[in-house]
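Read through the structure below, which is laid out as structure tokens, and then see the notes.
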Amino acid sequence: MFVWSKRLVAVLLGLFVLTLGIFLIHGAPESASGLKIHTTRWMALNYIGLVIWVFVWMFDQARMRAKNVWLWLVPFTLAPLPTLLLFVLFLQRRLKPAS
């Protein structure tokens, strides 16, 4: 499963630290709004990381159930939470037995 892959976790954590470092270097702490910019960037970075992680989880779940997750990518980028909820409902629906 990709969700528990140590390599994926290391890459995503490295990207997080690298992006945070770039934000800290290019921030303007001298200005009065420097803290606001830093906080906004911190929140955006965490949100993007969470969205990526949830999509990786969706990919794993779809792969385990032999479903196509790529159909869910565009709705997920536009509205992550409702798409995630619909995806979970889609995966939990009862299938009619083949006769």
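Could you please give the count of residues in the range 13-28 that are open to solvent by 100 Å² or more (accessible area, probe 1.4 Å) and either at pLDDT 75 or above or within 19 Å of Val51 (Cα to Cα) (or both)? Walk me through it before giving the result.
Taking the range 13-28 and keeping what is open to solvent by 100 Å² or more (accessible area, probe 1.4 Å), we get 13, 18, 24-26.
Going one step further and asking which of them are either at pLDDT 75 or above or within 19 Å of Val51 (Cα to Cα) (or both), we end up with 13, 18, 25.
So the count comes out to 3.
When the residues of the range 64-79 are filtered to those that are part of a helix (DSSP H, G or I) and in contact with a Phe, Trp or Tyr (Cβ under 8 Å, 6 or more places away or on another chain), the one that is surrounded by the fewest Cβ atoms within 10 Å (Cβ to Cβ) is Leu73. Of everything in the range 36-50, what is closer than 12 Å to Leu12 by Cα and either open to solvent by 90 Å² or more (accessible area, probe 1.4 Å) or touching a residue at least 24 places away in the same chain (Cβ under 8 Å) (or both)? Give them in sequence order. Of everything in the range 36-50, those that are closer than 12 Å to Leu12 by Cα and either open to solvent by 90 Å² or more (accessible area, probe 1.4 Å) or touching a residue at least 24 places away in the same chain (Cβ under 8 Å) (or both) turn out to be Leu45, Ile48, Gly49, Leu50.
The values are calculated or read from the model by the stated rules, or taken from the named source; none is laboratory data. Please read all numbers here as calculations on a predicted model, not as lab measurements. Counting neighbours? That spans all protein chains shown, and the Cβs are built from the backbone with ideal geometry, glycine included. For accessibility, only protein heavy atoms count, side chains too; no ligands or nucleic acids. Shrake-Rupley method; radii C 1.70, N 1.55, O 1.52, S 1.80 Å.
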